[in-house]
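Here is the structure we will look at.
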Amino acid sequence: MGWRGILGFEYGIVQAPLGPDISSPQLVAAVANAGALGFLRVPDWEDPDYVRELIRKTRTLTNKPFGIGVILAFPHKENVKAILDEKVAVLQLFWGECSKELVLEAHKAGVKVVPQIGSYEEAKKAADAGVDAIIVQGREAGGHVIGQDGLITLLPRVVDLVRGRDIAVIAAGGIVDERGYVAALALGAQGVSLGTRFLATEESFAHPTYKRKLIEFDKTEYTDVFGRARWPGAPQRVLATPFFMEWKALPCHENESNQPVIGRTIIHGREREVRRFAGTVPNATTTSDIESMAMYAGESIGLIKEILPAGEVIKRIVEGAQRLIDQQFAPLN
C-alpha cells in the first residue's frame, strides 16, 4: 500500500509539541527530515521575537515544513502573529477555544490549523470553526490531559462527526509503535500523534535523568499536584516516581507558590527557579533535585525500552506498520 500522509506531509506521524521547550529545533528538524510532522512549542508568555528566532533556527536545520504549538490558556496573541508572519506550515492549538476568526486569519497566511481536543463537544466546535485537522487526545496521554474519554471510544465518534468534511483526524494518547498506529487507522484516524515516544529520543531537550526514568519506570498516574498555581484546572499524567508516590495526596489548597526552591532552569532563554510541585519538567539545562520534579509521560511508557534517534522512531513505525498490515490483514488469495 502507498502511505497516505496527512496535511501534505509524507507520513501520518506527528511529534507532539512537548512543553515547555522539550521539542527543540533539533527534534523538530529530525522529525521533519524523516517525512513526519514535528511541532515546536511557544513560550507560555508573549515573546514574538523569540518565537521568530525559534522558527528560523529550526529552518537552518531542515528545509522541510513543520509546525508549532500554542497553549491558548496563556497569553498568545503576539506569538500567533509572529507564527503567521513566518508562515509556519501548521499551527497546533490546545487548551482553549479555537475561534473561526483565528482559523480564517491563519488560512489567509497560508497556515493550517490543528487543535487538540479531549471531548466530542470540543471536536464539534473545532470542526465548525473550519480547522484542517483535529488531534483527538485520549486520557491515556502524558502531560496535560484535557478530557476524560479513552481514545478507543472518542476517536471513532470524532471520525464519524467529520465524515465528508475535509478534516484529517489524528489519534493521540498511548501510541508508541506500529501496533498503535495500525489500531488508530482501523478506528478511522489518518494519523497518530506521539508525545512520550518522541520525548525518549536522542534529540529531545529533556534532562538525561528524565529520559533515563522513562526507560526505568513503567507506571504513570493521572493527577493534578503539579503546577496548580501556574495552570489551574489542568490535570496531568506523570511518571509514578518515588517523589510523586510520596506526595500524590497533596491537599488541594496547596500549590507550588509557597514551596521550597529545588532547582534552577533556563526555559526559552529565561532563567527560572524551580519550586517543588512546579509544572515544568526538567530540560537539559535544569540543575539540582531533578528526581523531585514533574516528569510527564503517557500510559505507553511500559512499551518504551530505549532512547532512539527520532528518525529511527519514524522509520520503525512506518516499516513495522507496512509489515503488520501485509502479514496480519492482507486478504488471503
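The values are calculated or read from the model by the stated rules, or taken from the named source; none is laboratory data. These numbers come from a predicted model, not from an experiment. When we count neighbours, we look across all protein chains shown, and the Cβ atoms used for this are built from the backbone with ideal geometry, even at glycine. Side chains included, ligands, DNA and RNA excluded: accessible areas come from the protein's heavy atoms. Shrake-Rupley method; radii C 1.70, N 1.55, O 1.52, S 1.80 Å.
If I take the Cα coordinates of the range 121-197 and project them onto the principal axes, what are the three extents in Å, biggest first?
31, 24, 19
By per-residue mean of other Cβ atoms within 10 Å, what is the highest-first order of 296-304, 318-326? Provide the component values of the computation, followed by the final result.
Details: 296-304: 22.9, 318-326: 15.1.
The densest-packed peptide leads the list: 296-304, 318-326.
Structure shown: which of 100/219; 125/219; 108/305; 57/213; 100/305 lie over 32 Å apart, alpha-carbon to alpha-carbon? Don't jump to the answer; show the numbers that get you there.
Numbers: 100/219 39 Å; 125/219 34 Å; 108/305 44 Å; 57/213 29 Å; 100/305 42 Å.
Too far apart for the 32 Å limit: 100/219; 125/219; 108/305; 100/305.
Using the Cα centre as the reference, give the magnitude of the dipole from point charges on the C-beta atoms of the range 42-171 (Lys, Arg: +1; Asp, Glu: -1; all else neutral), rounded to the nearest 20 debye. Mind showing how you got there, number by number?
On the way: 17 positive and 19 negative charges, 94 e Å.
That gives the range 42-171 a dipole magnitude of about 460 debye.
Please report the projected area of the chain's Cα convex hull averaged over all directions, in nm². Present the calculation step by step, with values, prior to reporting the outcome.
On the way: hull surface 64.8 nm².
Result: a mean projected hull area of 16.2 nm².
Note down the nm distance, to one decimal, between modelled labels 7 Å out along Cα→Cβ at residue 249 and at residue 153.
Distance between the two pseudo-spin positions: 3.0 nm.
In whole Å, what is the distance between the alpha-carbon centres of the range 299-317 and the range 77-150?
26 Å
Can you order the peptides 149-156, 214-221, 91-98, 288-295 by their average number of other Cβ atoms within 10 Å per residue, highest first? It would help to have the intermediate numbers written out before the result.
On the way: 149-156: 18.8, 214-221: 16.9, 91-98: 22.0, 288-295: 20.5.
Answer by packing, highest mean first, reads 91-98, 288-295, 149-156, 214-221.
Can you give the Rg to Rh ratio of the range 187-315, both from alpha-carbon atoms, with Rh computed by the Kirkwood formula?
Working: Rg = 15.2 Å, Rh = 15.5 Å.
A ratio of 0.98.
Quick check: at a probe of 1.4 Å, how many percent of the accessible area of the chain sits on carbon and sulfur atoms? Display every interim value, and only then the final one.
Working: 7220 of 14140 Å².
Percent of accessible area from carbon and sulfur atoms in the chain: 51.
Translational diffusion coefficient of the range 1-100 at 4 °C, 1.567 mPa s, Stokes-Einstein with Kirkwood Rh over Cα pairs, in µm²/s as a whole number. Intermediate values should be presented prior to the final figure.
Working: Rh = 13.6 Å.
Roughly 95 µm²/s, to the nearest whole number.
For Cα pairs less than 8 Å apart in space and 6+ apart in sequence, what is the mean separation divided by the residue count of the range 230-333, i.e. the relative contact order in percent?
Numbers: 86 pairs, mean separation 24.7, N = 104.
Normalised by residue count, the contact order of the range 230-333 is 24 percent.
Hey, what's the range 181-226 come to in accessible area per residue, 1.4 Å probe, Å²?
Values: 1630 Å² over 46 residues.
With all protein chains present, the range 181-226 gives 35 Å² per residue.
Among 278, 50, 206, whose Cα sits farthest toward the positive end of the charge dipole of the chain (+1 at Cβ of Lys/Arg, -1 at Cβ of Asp/Glu, about the Cα centre)?
Toward the positive end, the furthest listed residue is 50.
Taking the Cα centre as origin and putting +1 on Lys and Arg beta-carbons and -1 on Asp and Glu beta-carbons, what dipole magnitude results for the chain, to the nearest 20 debye? Could you put the intermediate results ahead of the total?
Numbers: 38 positive and 41 negative charges, 74 e Å.
Magnitude of the dipole: close to 360 debye.
Have a look at 13, 72, 40 and report the one farthest towards the positive end of the charge dipole of the range 10-79, computed about the Cα centre with Cβ charges (Lys/Arg +1, Asp/Glu -1).
Most positive-ward Cα: 13.
Tell me the relative contact order for the range 1-101 as a rounded percent, counting alpha carbon contacts under 8 Å between residues six or more apart. Don't jump to the answer; show the numbers that get you there.
On the way: 177 pairs, mean separation 24.3, N = 101.
Computed over the range 1-101, the figure is 24 percent.
Would you work out which of 242, 144, 180 lies farthest towards the positive end of the dipole of the chain? Charges go on Cβ: Lys and Arg +1, Asp and Glu -1.
It is 180, whose Cα lies furthest towards the positive end.
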